[in-house]
Amino acid sequence: MSKATRPLSPHLQIYKPQLTSVLSITHRATGVVLTFGALAIALFFIAAASGEEQFNTINGVFDSGFGKLLMFAWSFCFFYHLCNGVRHLFWDAGQGFEIETVYTTGKIVVIAALVLTALLWIVA
Amino acid sequence: MNLRTPLQQVKGLGSAKEGAGHWWWQRLTAIILLPIGLWFVFSFLRLIGGDHQTVIAWLSSPWKAALVVLFLAAMFYHAKLGMQIVIEDYIHVEWLKMTCLIAMQFILLLFGVTAVLAVLRLAL
């Protein structure tokens, strides 16, 4: 099979972004970002098990301005990925495919992620 | 009648009989991560900026330590499954794709196993 050189659909350069497509790629992007968050969480526990000195070092990084900014971004990614993941689970069950429903749930996901992020930083 | 495509016959690759496995485990770990992830994020943020003893005390509860281990296992496996799809979808150069897949899985396995060992060491 020879590789086709003809243009493929969708033509991303001229593709009009829609809420649906933007939320879809954001789900993947947040997933990749969260993978790096997973590594950071691992480092936190590894340092804690290595000794108090190592723990204080990494705890200082997490507690710094940069660390807090990073954790804030990670927490939003987490809540977005979680909420949109629930949306995906409903699709897997065959629910919510009507175009208006897809847009409504998309908006709910964004709002819920913002609310949960705010709640986390107020409570914790 | 042979239903295989000519390409499949040339490559000699048939079904590995685990086609739905990736899909299923991604959903299963997602459902596990929903409650445990929420609990973990709220608990974890409180540990940041605290002292070493607080982390040790937190993990001295068997239930909490077990939930953290379960969280880490589900999260790292979920991350591996998701990153695999992203790499497979966006990297089209075969050798680079394979290199990224192997490196990604090795790094996630290393961090995941080490983090679990660290939590166990603190808990026991």
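The values are calculated or read from the model by the stated rules, or taken from the named source; none is laboratory data. Small disclaimer: the values here were computed from a predicted structure and weren't measured. When we count neighbours, we look across all protein chains shown, and the Cβ atoms used for this are built from the backbone with ideal geometry, even at glycine. The area values use the complete protein model at the heavy-atom level, side chains included, leaving out ligands, DNA and RNA. Shrake-Rupley method; radii C 1.70, N 1.55, O 1.52, S 1.80 Å.
Would you call B:Ile32 more than 25 Å from A:Asn59 (Cβ to Cβ) and touching a residue at least 24 places away in the same chain (Cβ under 8 Å)?
Numbers: more than 25 Å from A:Asn59 (Cβ to Cβ): yes; touching a residue at least 24 places away in the same chain (Cβ under 8 Å): yes.
Answer is yes for this residue.
Checking the structure you have, find out if any residue of the range B:45-64 is open to solvent by less than 60 Å² (accessible area, probe 1.4 Å), at positive phi and touching a helix residue (DSSP H, G or I) at 6+ places or on another chain (Cβ under 9 Å).
Yes, there is a match, as at least one residue in the range B:45-64 is open to solvent by less than 60 Å² (accessible area, probe 1.4 Å), at positive phi and touching a helix residue (DSSP H, G or I) at 6+ places or on another chain (Cβ under 9 Å).
Checking A:Val61 against (1) of a type in the set (A, V, I, L, M); (2) at pLDDT below 95; (3) more than 30 Å from B:Leu28 (Cβ to Cβ), which single condition isn't satisfied?
Going through the list (1) of a type in the set (A, V, I, L, M); (2) at pLDDT below 95; (3) more than 30 Å from B:Leu28 (Cβ to Cβ), A:Val61 breaks only (2).
Are any residues in the range B:65-90 modelled with pLDDT under 95 and open to solvent by less than 60 Å² (accessible area, probe 1.4 Å), and if so, which ones?
Within the range B:65-90, no residue meets the criteria.
For the range B:33-43, check the following and say yes or no: at least one residue is under 12 Å from the mean Cα position of the chain (by Cα) and either surrounded by 16 or more Cβ atoms within 10 Å (Cβ to Cβ) or at the interface with chain A (Cβ under 8 Å from one of its Cβ atoms) (or both).
We begin by selecting, within the range B:33-43, every residue under 12 Å from the mean Cα position of the chain (by Cα); these are B:33.
If we keep only those that are either surrounded by 16 or more Cβ atoms within 10 Å (Cβ to Cβ) or at the interface with chain A (Cβ under 8 Å from one of its Cβ atoms) (or both) as well, we get B:33.
Yes.
Looking only at the range A:18-31, decide whether some residue is under 21 Å from B:Phe111 (Cβ atoms), hydrophobic (A, V, I, L, M, F, W, C) and within 12 Å of chain B (Cβ to nearest Cβ).
Filtering the range A:18-31 for residues under 21 Å from B:Phe111 (Cβ atoms) gives A:28-31.
From what's left, hydrophobic (A, V, I, L, M, F, W, C): A:29.
Next cut, within 12 Å of chain B (Cβ to nearest Cβ) only: A:29.
There is at least one residue in the range A:18-31 that is under 21 Å from B:Phe111 (Cβ atoms), hydrophobic (A, V, I, L, M, F, W, C) and within 12 Å of chain B (Cβ to nearest Cβ).
Taking the conditions exactly as written (within 17 Å of the chain's Cα centre (by Cα), more than 8 Å from chain A (Cβ to nearest Cβ) and not small (Gly, Ala, Ser)), does B:Lys97 satisfy them or not? If you could, list the steps in order and put the result at the bottom.
On the way: within 17 Å of the chain's Cα centre (by Cα): no; more than 8 Å from chain A (Cβ to nearest Cβ): yes; not small (Gly, Ala, Ser): yes.
Considered against the rule, which asks whether it is within 17 Å of the chain's Cα centre (by Cα), more than 8 Å from chain A (Cβ to nearest Cβ) and not small (Gly, Ala, Ser), B:Lys97 comes out as no.
Across the range A:85-124, which residue is surrounded by the fewest Cβ atoms within 10 Å (Cβ to Cβ) among those that are more than 11 Å from chain B (Cβ to nearest Cβ) and in contact (Cβ under 8 Å) with a residue 60 or more places away in the chain?
Top of the filtered list is A:Lys107.
When you check A:Ala38 against the structure, is it facing another protein chain (nearest Cβ under 9 Å), open to solvent by less than 40 Å² (accessible area, probe 1.4 Å), among the small types (Gly, Ala, Ser) and without any contact (Cβ under 8 Å) to a residue 60 or more places away in the chain, yes or no? Lay out the reasoning, then the answer.
Working: facing another protein chain (nearest Cβ under 9 Å): yes; open to solvent by less than 40 Å² (accessible area, probe 1.4 Å): yes; among the small types (Gly, Ala, Ser): yes; without any contact (Cβ under 8 Å) to a residue 60 or more places away in the chain: yes.
Judged against the criteria, A:Ala38 is a match.
Out of (1) surrounded by 21 or more Cβ atoms within 10 Å (Cβ to Cβ); (2) touching a Phe, Trp or Tyr at 6+ places or on another chain (Cβ under 7 Å); (3) more than 9 Å from every other protein chain (Cβ to nearest Cβ), the odd one out for A:Ala48 is which?
So the condition that A:Ala48 fails would be (3).
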